[in-house]
Amino acid sequence: MSIQKTVSSSLNEKAGISQPEITNLDAIEQIKKSRKKQPSAKELIDGILNGNTIALSRAITLIESTNTDHQEKANEVINGCLPHANQSIRIGITGVPGVGKSTFIEAFGKHLTSLGKKVAVLAVDPSSTISHGSILGDKTRMEELVKDSNAFIRPSASGETLGGVARKTRETITLCEACGFDIILIETVGVGQSETAVHSMVDFFLLLKIAGAGDELQGIKRGIMEMADAVVINKADGDNIKKANLAKMEFDRALHLFPKKKSGWIPTASTCSSLNKEGIDSVWQTISDYVELVHSNHYFEEKRKEQNLFWMMETIDEQLKKHFYNQPKIIELLESTKNEVQDNAISPFAAAKILLDNYFKNKE
Ligand code: GDP
């Protein structure tokens, strides 16, 4: 807005119209008013509990902010929402770029809203910091869902570390649940470490694949396969149907070879066409069957409790590291010690000890 005003002021000046003072005063008044209008933590909590998605978006912006005041307010909002959260099914969706994640989420999300569900779509994409814009959870890639009043789409938070992005997403889940969203879809890209982070914040983990030329089981990290509760072969349409069915059979066989899951669930493979909206309902049926099983054997609550502890420990780890590496003395000492370690002048362990001793001494 300020840029617009500056541009229009300079255009006015060029055109001989002089009104820059009034424009600036106007702008200042507007900024003052909008600052005053910042809702309190209580107003945000009330809004969220009433299903207001504007309040939800504003609160998420606070979570994502690096400003300490914002972070304090965000914590207040999260604490206020916590007693009303936890009542959703959290589903992680992963797959390499181009596999059809957005198309699938659009079709799946629409199917869920047609069943009367409220669906929130979040994304975990630490690379968005580098690429200056998220490639995941992009609203323009989910045209129908974005217009659906029972859907809420939020692109990935940006952050320096995966840990930071993941923590923000996890806090966002709490707010979405308190706002009445009963299905939370969390999209992540099938490369790197982000699947592990997403896996540790969801109830069900879905791996989206496409059929290749007989090489279905190659190039997939074993770890990701092991995490999957279902493998869905997308783009099972047109000439691709036969290949997709073959891939499904191969995955079915491979999934049975993995050690039995603590949940008691045997992962399944299926096919779908997100483009033609075929096979989408059976994915939901699979997830419903899973949820029924893990509610009956109490694994659902057990896993969530484990995840809560995991995120507490992760956050402590992350904050400790951040504090350590941000100490000016440590930054300086680390630089000089690095060379000595590389040149074998000092052992890595002795160097680490010197740095840690220095950190703890200065803490006291
Ligand atoms: P993402 O990068 O994993 O999110 O993939 P997109 O959803 O952007 O899809 C990548 C391309 O695959 C797009 O051109 C889609 O139209 C296409 N696509 C996605 N799902 C299907 C499908 O079920 N069948 C076919 N034939 N194409 C699909």
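Considering each residue of the range 166-200, count those that are surrounded by fewer than 22 Cβ atoms within 10 Å (Cβ to Cβ), part of a loop (DSSP other than H, G, I, E, B) and more than 16 Å from the ligand (Cβ to nearest atom), and give that number.
Of the residues in that region, 4 qualify.
Looking at (1) within 16 Å of the ligand (Cβ to nearest atom); (2) open to solvent by 20 Å² or more (accessible area, probe 1.4 Å); (3) of a type outside the set (S, T, N, Q), which is the only condition Trp265 fails?
(1)
I need a count of the residues in the range 78-108 that are away from the ligand (no atom under 16 Å from the Cβ), more than 20 Å from Ser156 (Cβ to Cβ) and of a type in the set (A, V, I, L, M). Let's see the steps before the verdict.
Narrowing the range 78-108 to residues away from the ligand (no atom under 16 Å from the Cβ): 78-90.
From the residues that got through so far, the ones that are more than 20 Å from Ser156 (Cβ to Cβ) too are 79-87, 89.
Now drop any that are not of a type in the set (A, V, I, L, M), which leaves 82, 85, 89.
Counting residues in the range 78-108 that are away from the ligand (no atom under 16 Å from the Cβ), more than 20 Å from Ser156 (Cβ to Cβ) and of a type in the set (A, V, I, L, M) gives 3.
Tell me, yes or no, whether the range 80-87 has at least one residue that is at pLDDT below 95, closer than 30 Å to Asp281 by Cα and outside any loop (DSSP other than H, G, I, E, B).
Looking for residues that are at pLDDT below 95, closer than 30 Å to Asp281 by Cα and outside any loop (DSSP other than H, G, I, E, B), one finds at least one in the range 80-87, hence yes.
Can we say Thr315 is outside the structural domain of Lys168 (by TED's automatic domain parsing) and closer than 30 Å to Met227 by Cα? Show your work before the answer.
Numbers: outside the structural domain of Lys168 (by TED's automatic domain parsing): yes; closer than 30 Å to Met227 by Cα: yes.
When the stated conditions are applied, Thr315 passes them.
Please verify whether Phe108 is at pLDDT 80 or above and either farther than 23 Å from Ile287 by Cα or open to solvent by less than 10 Å² (accessible area, probe 1.4 Å) (or both), treating the condition exactly as stated. Reasoning before the result, please.
Values: at pLDDT 80 or above: yes; either farther than 23 Å from Ile287 by Cα or open to solvent by less than 10 Å² (accessible area, probe 1.4 Å) (or both): yes.
Spelling it out, Phe108 is indeed at pLDDT 80 or above and either farther than 23 Å from Ile287 by Cα or open to solvent by less than 10 Å² (accessible area, probe 1.4 Å) (or both).
Hey, among the residues in the range 219-251 that are of a type in the set (Asp, Glu) and open to solvent by less than 80 Å² (accessible area, probe 1.4 Å), which one's modelled with the lowest pLDDT?
Restricting to residues being of a type in the set (Asp, Glu) and open to solvent by less than 80 Å² (accessible area, probe 1.4 Å), the top hit is Glu226.
Sort out which residues of the range 64-84 are in contact (Cβ under 8 Å) with a residue 12 or more places away in the chain and open to solvent by 10 Å² or more (accessible area, probe 1.4 Å), and write them in order of number.
Hits for the range 64-84 are Glu64, Lys73, Glu76, Ile78, Gly80, Leu82, His84.
The rows are residues; the columns are (1) open to solvent by 80 Å² or more (accessible area, probe 1.4 Å); (2) more than 27 Å from Ser88 (Cα to Cα).
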| position | (1), (2) |
| --- | --- |
| Val291 | no, no |
| Val294 | no, no |
| Lys305 | yes, no |
| Leu320 | yes, yes |
| Ser347 | no, yes |
| Lys361 | yes, yes |
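The values are calculated or read from the model by the stated rules, or taken from the named source; none is laboratory data. Since we're looking at a predicted model, the values are computed, not measured. Glycine gets a Cβ as well: all are built from the backbone with ideal geometry, and neighbour counts include every protein chain shown. The accessibility values were calculated without ligands, DNA or RNA, using every heavy atom of the protein model including side chains. Shrake-Rupley method; radii C 1.70, N 1.55, O 1.52, S 1.80 Å.
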